[in-house]
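Below you'll find the structure, written out as structure tokens, and then a few comments.
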DNA sequence: GAGTTTGATTTCAAAAATGGAACAATTGCC
DNA sequence: GGCAATTGTTCCATTTTTGAAATCAAACTC
């Protein structure tokens with residue numbers, strides 16, 4: 001047997017074996033008896049094995065046929081499972097890549113725009129790993145610049161502004177992201193302006209916030225995120241160098257993909273309504 | 001989707017998705033690009049879902065397509081496994097139903113006629129459970145009478161004779177099968193002739209032999225089995241009432257099934273050469 | 001910016017698969 | 001023993017599927 005017989009023919013073989021004949025298999029599958037007859041003889045020819053004993057009361061498996069049937073058990077299992085699952089497929093997963101700050105903001109508010117019965121589901125993917133929307137590694141991206149690639153569609157959502165926050169006015173020193181990670185503008189700004197005052201570093205934004213709340217140091221973070229954090233107060237002005245627009249980006253063609261479109265609208269509504 | 005799409009089409013869908021386009025899938029599967037193109041549009045129509053985004057560089061999955069692809073992962077696994085396993089299928093298992101005595105005898109001598117590279121393998125199935133060769137529950141049966149059903153083919157192998165054995169001449173009493181099991185002629189004979197002398201009972205013939213070797217009692221068993229047992233000597237004459245012919249039986253059509261035929265010959269050669 | 005490459009669709013004739021009807025073989029039933 | 005019922009196969013006309021060639025479209029290349 002140089003190559004695998006058609007999966008459909010193998011599946012049909014199982015039906016014939018289980019029904020004990022062509023007539024039963026025909027009733028079950030909807031194909032006609034002559035068709036199945038020809039398919040089974042062709043299958044035997046292709047596999048070079050006699051699979052059935054033809055008797056006047058139907059088909060009986062040969063010893064070889066029984067051995068083959070055993071191998072095909074899973075095939076029918078998979079088929080049955082697909083039958084059920086393809087009917088109502090899992091909610092489509094729309095992958096969104098966003099910085100940790102924005103991801104956190106989205107995650108907190110997602111319930112406002114998403115219901116568990118919606119036909120899509122957000123899936124946050126690391127934006128540190130360089131992900132390419134053009135290559136469809138992610139469906140939706142949140143970036144700080146208008147995309148210049150022509151095949152990406154972008155829309156502005158709102159302005160992002162950074163300020164310094166701390167548990168109280170008298171906290172000195174800063175907590176900052178470690179320099180191993182991606183050097184975003186805000187990371188660079190802290191190191192340039194207050195490099196000497198950095199008390200401790202962390203590798204995740206969430207940890208940074210926890211440290212700041214605990215009074216370990218001041219933290220530079222976006223205003224729209226800080227609003228959600230209990231126990232932090234703004235202790236400095238908006239940092240003009242770090243202010244930028246925020247762009248919602250997706251592949252040009254993906255915009256016409258209904259689930260992606262729905263997710264895009266939901267994310268956009270959250271981000272543009274940012275105070 | 002009222003009914004499951006063809007497994008072959010689903011498999012093809014996975015190929016297209018993995019290759020990222022029709023051209024790649026065509027190279028992989030051997031079908032031509034137009035064919036695959038038509039099949040994929042038909043699949044989308046049947047499933048009522050847009051699975052791909054057609055771009056000038058090939059096909060890209062939609063979010064829905066990705067969800068479907070995930071569901072189909074196993075399908076390809078099964079297909080790959082079948083590819084390997086159907087090539088060299090397991091050795092065919094020929095099911096033989098025999099009484100415990102004969103099964104034991106066959107098992108001991110099987111190596112004389114069977115090699116692990118043979119394309120068939122004997123599988124002993126309980127003969128206590130009523131198995132019907134006509135219904136193909138077993139392929140080969142060993143019986144004590146010529147079969148009277150016309151669709152069973154039988155051949156005589158040799159005469160089976162019973163006698164009383166014991167560890168030594170001075171062992172008194174008998175060990176016998178318990179009366180719960182099937183009442184074979186030899187079981188009935190012991191209970192009728194020596195019912196009062198039964199020391200202990202067992203439910204398996206093997207245990208019975210062990211008991212007899214240990215000197216617990218005498219045992220009624222076939223001469224051809226007793227020859228294999230170290231430590232037992234014949235302590236009585238052949239019991240004429242229990243002598244009978246032994247018949248090798250199989251379904252008439254199964255005789256033409258090469259592996260069954262081979263097994264049949266092997267078993268027959270063992271049984272007819274019985275001393 | 002014209003030409004080449006890559007990838008998909010459409011067209012059309014040939015090949016293959018299909019289903020109905022006729023036929024054959026056997027079982028089961030009076 | 002004959003008749004109806006069940007099960008498969010063969011034959012043939014029809015439908016469907018297929019592949020080669022032509023066409024189209026976008027994207028690289030020089």
task = Just subtract the alpha-carbon distance of residue B:45 and residue B:197 from 0.36 nm times their residue separation and send over the number in nm, one decimal.
result = 46.6 nm
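For peptide B:40-50, compute the average count of partner chain beta-carbon atoms within 10 Å of each residue's beta-carbon. Numbers along the way, then the final one.
Values: counts 0, 0, 0, 0, 0, 0, 0, 3, 0, 4, 3.
For peptide B:40-50, the averaged partner shielding equals 1.
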key: Within 10 Å of each Cβ in A:66-76, the average number of Cβ atoms from other chains   = 5
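Just order A:77-86, B:264-273, A:137-146 by mean Cβ neighbour count inside 10 Å, highest at the front, would you?
Values: A:77-86: 15.1, B:264-273: 17.7, A:137-146: 19.2.
My ranking of the peptides, most packed first, is A:137-146, B:264-273, A:77-86.
Quick check on chain B: take the gyration tensor over C-alpha atoms, sort the square-rooted eigenvalues as a ≥ b ≥ c, and tell me if it's rounded (a/c under 1.5), prolate or oblate. The partial results should precede the final answer.
Numbers: a/c = 3.76, a/b = 3.28, b/c = 1.15.
It comes out prolate by the Cα gyration axes.
For the stretch B:152-258, calculate the relative contact order in percent as a whole number, restricting contacts to Cα pairs under 8 Å that are 6 or more residues apart.
Details: 183 pairs, mean separation 54.9, N = 107.
Computed value for the stretch B:152-258: 51 percent relative contact order.
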note = Eigenvalues of the alpha-carbon gyration tensor of the protein assembly as shown, times 5 and square-rooted, give semi-axes in Å, largest first, of 77, 34, 18
ask   = Rounded if a/c is under 1.5, else prolate if a/b is larger than b/c, else oblate: which is the stretch B:162-242, with a ≥ b ≥ c the root eigenvalues of its Cα gyration tensor?
value = rounded
request  = Compute the FRET efficiency between residue A:3 and residue B:273 as 1/(1 + (r/R0)^6), taking r as their Cβ-Cβ distance and R0 = 56 Å, and round to the nearest 0.05.
outcome  = 0.80
ask   = In A, who owns the beta-carbon nearest the axis carrying A over to B, and how many Å from it?
value = A:7, 2
note = Within 10 Å of the Cβ of an average residue in B:190-197, the count of other chain Cβ atoms is 0
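Report the full-extension gain for the segment residue A:245 to residue A:73: residue separation times 0.36 nm, less the Cα-Cα distance, to one decimal in nm.
56.2 nm
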inquiry  = Taking residue B:173 in one copy and the same position in all the others, each labelled 7 Å out along Cα→Cβ, what are the pairwise distances from the first, in nm, shortest first?
reply    = 9.1
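Can you tell me what share of the DSSP beta bridges in the stretch A:162-242 is antiparallel? A percent to the nearest 5 is fine. Write down the numbers at each step before the final one.
Working: 6 of 11 bridges.
Roughly 55 percent of the beta bridges in the stretch A:162-242 run antiparallel, per DSSP.
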remark   = Simple SL model, points at 7 angstrom along Cα→Cβ for residue B:117 and residue B:261; separation in nm is 2.2
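What's the extension gain from residue B:170 to residue B:210 if we count 0.36 nm per residue and subtract their Cα-Cα distance? Walk me through the numbers on the way to the answer.
Numbers: separation 40, 0.36 × 40 = 14.40 nm, distance 1.74 nm.
Extra length from residue B:170 to residue B:210 when fully extended: 12.7 nm.
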query = If we hang a label 7 Å off Cα along the beta carbon direction at residue A:41, how far is it from the matching labels on the other copies, in nm, shortest first?
reply = 3.6
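Do you know the relative contact order of chain A, to the nearest whole percent, from alpha carbon pairs under 8 angstrom that are 6+ apart?
Details: 406 pairs, mean separation 56.7, N = 275.
Dividing the mean separation by the residue count of chain A yields 21 percent.
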message = Restricting to DSSP H runs of at least four residues, report the calculated mean residue ellipticity at 222 nm for chain A, -39500 (n - 2.57) per run over all residues, nearest 500 deg cm²/dmol.
response = -11500 deg cm²/dmol
request  = Report, for residue A:261, each distance to the same residue's label point in the other copies, shortest first and in nm; define the point 7 Å along Cα→Cβ.
outcome  = 6.6
query = What angle, in degrees between 0 and 90 and rounded to the nearest 10, separates the Cα long axis of helix A:185-194 from the longest principal axis of the Cα atoms of chain A?
reply = 30
request  = In whole angstrom, note down how far apart the Cα centers of the stretch A:43-121 and the stretch B:1-73 are.
outcome  = 15
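Every read-out reported here was derived from the displayed coordinates using simple, explicitly stated rules and does not represent laboratory data. Nothing here was measured: the structure is a model prediction, and the numbers come from that model. Cβ: placed from backbone, ideal geometry, glycine included. Neighbour counts: every protein chain shown.
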